[in-house]
Amino acid sequence: MSSIEVIFHGHSFFEIVIEQRSILIDPFITWNTSCDVRIEDICKKNIIAILVTHGHKDHTGDTVTIKTLLPDVPVYTVTGVAHYFSSQGLTNCFWASIGGTMHHDCFSVKFVIAHHDGSIEDSWLYTQPSGILIKIGNKTIYHVGDSALTKDFELIGEYEKTDLLCIPIWWHYTMDVDDAIRACKMIKARFVVPMHYSHSGKLFADDQDFARRVMLDNLGVPKVLKAGQMIVI
Ligand code: NI
Ligand code: MN
């Protein structure tokens, strides 16, 4: 397996590139003020799958629009979100329960616990939100979704060798920096990328403080990415 590129597109939107094939995670573009790509640009890529952690609009993002343009691309997500997408007329939406794994030809995706709100877009529907463990060859990427701090991270740290951890630090909605540091201690990843936060204003979160503490506590190599930047694992 050659190296894997992981491109950050702002908020919780990541693109994993394996030999010119792209996997999108939480493709939030239209209302994502920090996003560096347009839907047209993304749809020109060879997208092989879309993964969605939970039903909030900043995570379902532009999945419906992308799928309208590229109906054959499979979506992998948790039960309620898949049913919601199907109700919107989308095909090829696959779901697993929390703890479940689905296999694609070149990767697998396992949905793990995220402690968060489970509402779906503007509806009264509700489902279990998730974090996603993606395995590609011998590499593991753990996208935490919007989780709060939980001891479940300790369990994952015990059995999983995480190469890249994408972790939220937006204190009003998810873990704050203190909790994210506690999570990093449990997960023990090789590279750590903060996500899902504001860089300015009242809801500002301090990514540099987070990175400094990851480094000082020896919790992996911190990478603060701007939208459009990537990490190779
Ligand atoms: Ni959320
Ligand atoms: Mn969110």
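Some notes on this structure:
- Count - residues of the stretch 16-45 that are open to solvent by less than 10 Å² (accessible area, probe 1.4 Å) and either free of Cβ contacts under 8 Å to residues at least 60 places away in the same chain or more than 16 Å from the chain's Cα centre (by Cα) (or both): 5
- Strands (runs of 3 or more DSSP E) wholly inside the stretch 161-233 containing at least 1 residues that are more than 21 Å from residue 16 (Cα to Cα): none
- Filtered by the rule that a residue be more than 27 Å from residue 58 (Cα to Cα) and surrounded by 17 or more Cβ atoms within 10 Å (Cβ to Cβ), the stretch 158-169 gives a lone residue, 160.
- Options 127, 53; residue that is at pLDDT below 95 and surrounded by 15 or more Cβ atoms within 10 Å (Cβ to Cβ): 127
- Pick from the stretch 115-169, criterion touching a Cys at 6+ places or on another chain (Cβ under 8 Å) and hydrophobic (A, V, I, L, M, F, W, C), ranking: nearest to ligand 1 (Cβ to nearest atom): 144
- Among residues that are within 16 Å of ligand 1 (Cβ to nearest atom), in contact (Cβ under 8 Å) with a residue 12 or more places away in the chain and open to solvent by 40 Å² or more (accessible area, probe 1.4 Å), residue 172 is included.
- Qualifying residue in the stretch 46-66 (condition: farther than 22 Å from residue 129 by Cβ, assigned to a loop (DSSP other than H, G, I, E, B) and in contact (Cβ under 8 Å) with a residue 24 or more places away in the chain): yes
- Of all residues in the stretch 130-151, those that are open to solvent by 50 Å² or more (accessible area, probe 1.4 Å) and not in a loop (DSSP other than H, G, I, E, B) total 1.
- Lone qualifier among 182, 212 - being more than 16 Å from ligand 2 (Cβ to nearest atom), charged (D, E, K, R) and either touching a residue at least 12 places away in the same chain (Cβ under 8 Å) or within 16 Å of residue 226 (Cα to Cα) (or both): 182
The values are calculated or read from the model by the stated rules, or taken from the named source; none is laboratory data. Since we're looking at a predicted model, the values are computed, not measured. Ideal geometry is used to build each Cβ from the backbone, glycine not excepted, and the neighbour counts take in all protein chains shown. In case anyone asks, the SASA skips ligands and DNA or RNA and just uses the protein heavy atoms, side chains included. Shrake-Rupley method; radii C 1.70, N 1.55, O 1.52, S 1.80 Å.
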